[in-house]
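Data first, discussion second: the structure below is written as structure tokens.
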Amino acid sequence: MTGPLHGVRVLDLSQGAAGPWVALMLGDLGAEVAKLEPPGGDWARTLGPPFVDGVASIFLAMNRNKRGTVIDLKKPGASLIVARMATLADVVIENFRPGVVERLGIGYEDLSSHNQRLIYLSISAYGRTGPWRDRAGVDGVVQAASGIMSVTGEAGRGPVRVGFPVADTAGAMFGTQGVLAALMARERTGKGQRVDVSLLQSALAFQLPVLAMHMQSPGSAGRRGSGAPYSSPNEAYRTSDGYIMVAAYLPERWIELCRAIGRPELAFDSRFESNEKRLAAREELSEAIESVLTTRSTAEWVSILESADVMCTPVLEYEDLLSQTQLRATEAVWHVEHPTAGDIAAFRYPAALEATPAVPQAVAIHHLGEQSIELLTAWGFSKEEALEYLAAGAIGQSSPPFDNVVTNGSQDG
């Protein structure tokens with residue numbers, strides 16, 4: 001059984017997280033992906049510990065489904081390799097700073113002139129236009145610039161970074177959507193197009209509910225710890241042995257929560273009689289609820305609240321999460337055997353396509369340049385040509401002796 005993107009070829013020039021993540025997802029959907037790393041490698045190789053045989057586990061997770069080579073874009077003939085591969089590609093992904101690919105001769109206009117069906121995804125921190133276009137940015141910087149940190153953390157405390165690269169995640173999701181939409185459009189028009197994604201705009205789109213609140217009523221969104229700014233009760237509460245997340249803000253569930261915790265009178269307390277009033281009196285409400293919840297264990301309260309049809313869950317640590325029967329029953333965790341690194345982290349593509357399911361591919365990148373000759377021959381070069389480029393230093397076969405000359409163009413991480 002083949003994936004929905006079987007036959008689609010992707011040329012991944014990106015580094016870090018957002019761009020490689022797009023390529024990873026396209027690969028899960030069946031696309032053939034070639035990754036071109038600069039001399040010295042994708043800088044995500046160094047993001048650790050943990051490392052597997054000297055390579056960051058983050059890099060290995062982000063670069064499944066790919067074969068790779070090393071290319072020095074400042075060497076004579078290197079840009080011609082990219083241009084030639086692009087004639088066979090359906091998608092190119094890059095995340096250099098705006099203007100860099102044009103100087104290297106591998107911009108959209110350069111490559112699409114020889115392949116009008118090419119879809120060219122550019123991911124940058126702030127986009128190709130505007131006064132911030134030349135600023136460098138990585139995930140944490142964009143979290144700060146996008147306002148995410150202004151609504152993350154405890155009230156009255158300093159800004160907090162989201163515990164995973166949420167701006168990169170947003171950029172990867174919208175980048176993937178953009179590529180898939182462009183592939184659909186190409187079916188009608190026969191032509192490819194440029195797709196421009198910025199981490200900033202992606203992060204803004206991810207914040208739609210709270211930004212909509214702020215734009216209508218400035219100051220209505222802010223740091224509220226685990227609490228939601230638009231509903232209450234909807235947060236994590238202490239129990240006798242941990243925390244439980246409770247979402248009981250709809251009228252019927254609010255009443256059931258009060259009954260289940262033995263405080264039915266709270267449902268009729270004038271301070272808490274509507275969602276709006278509960279938000280205004282959130283601290284008082286939290287104290288009232290926690291004074292009861294701290295008398296029993298998390299497991300006891302989950303059982304009690306679920307019996308009352310009140311939405312809740314323990315606040316799980318990763319170790320607890322990965323042992324849950326729900327993940328095993330839905331095969332949410334893929335066990336992918338890397339050709340050289342052994343078992344690596346992989347998670348099922350969240351959209352389950354019944355007829356053309358996503359599946360992990362048997363190819364993956366580990367050591368820098370280990371697949372160079374194999375990759376180029378698969379993309380139309382003769383073995384003799386590939387060896388000539390290797391001898392000229394345009395490509396690398398393993399960890400190369402030349403300096404990393406283009407990694408400063410990367411935008412995400």
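The values are calculated or read from the model by the stated rules, or taken from the named source; none is laboratory data. Worth saying up front: this structure is predicted, and the values here are computed from it rather than measured. Methodologically, a virtual Cβ is constructed for each residue, glycine included, from the backbone with ideal geometry; neighbour enumeration extends over all protein chains shown. For the accessible areas, the whole protein counts, side chains as well, though only heavy atoms, and no ligand, DNA or RNA atoms are used. Shrake-Rupley method; radii C 1.70, N 1.55, O 1.52, S 1.80 Å.
Given the -39500 (n - 2.57) contribution per DSSP H run of 4+ residues, what per-residue ellipticity at 222 nm results for the chain, rounded to the nearest 500 deg cm²/dmol? Spell out each step's value before the answer.
Working: 17 runs with 151 residues, N = 413.
So the calculated ellipticity at 222 nm is -10500 deg cm²/dmol.
Under 5 Å between amide hydrogens, built in the peptide plane, is the criterion, and for Val195 it picks out Tyr120, Leu121, Ser122 among residues at least 5 positions away or on other chains.
With each label modelled as a point 7 angstrom along the Cα→C-beta vector, the Ala308-Ser217 pair spans 2.7 nm. What the Kirkwood sum gives for the chain is a hydrodynamic radius of 23.8 Å, with every pair of different alpha carbons counted.
Heavy-atom surface analysis with a 1.4 Å probe gives segment 121-268 a carbon and sulfur content of 58 percent of its accessible area.
Provide the packing ranking of 50-59, 241-250, i.e. peptides ordered by the mean count of other C-beta atoms within 10 Å per residue, highest first. Display every interim value, and only then the final one.
Details: 50-59: 16.6, 241-250: 18.2.
Those peptides, ordered most packed to least, come out 241-250, 50-59.
About its Cα centre, the dipole of the chain is roughly 1040 debye, where the only charges are +1 on Lys and Arg Cβ and -1 on Asp and Glu Cβ. Taking the accessible area of segment 1-112, probe 1.4 Å, and keeping the other protein chains in place, the carbon and sulfur fraction comes to 58%. Compute the helix-to-body angle for 166-189: its Cα long axis versus the longest principal axis of the chain, expressed 0 to 90° and rounded to tens. Around 60 degrees separate the two axes. Per residue, the accessible area of the chain comes to 47 Å² when a 1.4 Å probe rolls over the protein heavy atoms.
Whole-Å semi-axes of segment 262-376's equivalent ellipsoid, largest first, each the root of 5 times a Cα gyration tensor eigenvalue? Please report the intermediate quantities before stating the final value.
Working: eigenvalues 471, 51, 47 Å².
Ellipsoid half-lengths, sorted descending, are 49, 16, 15 Å.
Can you give the Rg to Rh ratio for segment 132-234, taking only C-alpha atoms and Rh from Kirkwood?
Using Cα coordinates only, the ratio equals 1.08.
So how many Lys-Lys pairs in the chain land under 23 Å Cα to Cα, not counting same-chain pairs under 8 apart?
7
In this structure, the amide hydrogen of Val52, modeled 1.01 Å from its nitrogen in the peptide plane, lies closer than 5 angstrom to those of Ser57, counting only residues at least 5 positions away or on a different chain.
For a test of the definition: using alpha carbon positions, the gyration tensor, and the 1.5 limit on a/c, classify segment 305-360 as rounded, prolate or oblate. Mind dumping the intermediate values first?
Numbers: a/c = 3.93, a/b = 1.64, b/c = 2.40.
In terms of gyration-tensor shape, oblate.
Distance from the Cα centroid of segment 279-305 to that of segment 73-103 is 57 Å (rounded to whole angstrom).
With the Cα gyration tensor of segment 67-116 giving a ≥ b ≥ c as the square roots of its eigenvalues, does the rule (a/c under 1.5 for rounded; else a/b larger than b/c for prolate; else oblate) give rounded, prolate or oblate? Working shown, then result.
Working: a/c = 1.35, a/b = 1.09, b/c = 1.24.
Here segment 67-116 falls in the rounded category.
For Gln361, neighbours were defined as the other residues whose beta-carbon sits under 9 Å from its Cβ, and their charges (Lys and Arg +1, Asp and Glu -1) total 0.
Charge dipole of segment 110-206 (Cα centre as origin; +1 on each Lys and Arg Cβ, -1 on each Asp and Glu Cβ, all else neutral): 280 debye, rounded to the nearest 20. Quick check: from the Cα gyration tensor, does segment 215-271 come out rounded (a/c under 1.5), prolate or oblate? Since a/c reaches 1.5 but b/c is at least a/b, the shape of segment 215-271 is classed as oblate. A full extension of the chain between Ser57 and Lys277 corresponds to an added length of 74.5 nm, given 0.36 nm per residue minus the alpha carbon distance. Proximity of backbone amide H atoms, modeled 1.01 Å from N, is registered between Phe347 and Trp334 at under 5 Å, excluding neighbours fewer than 5 places apart on the same chain.
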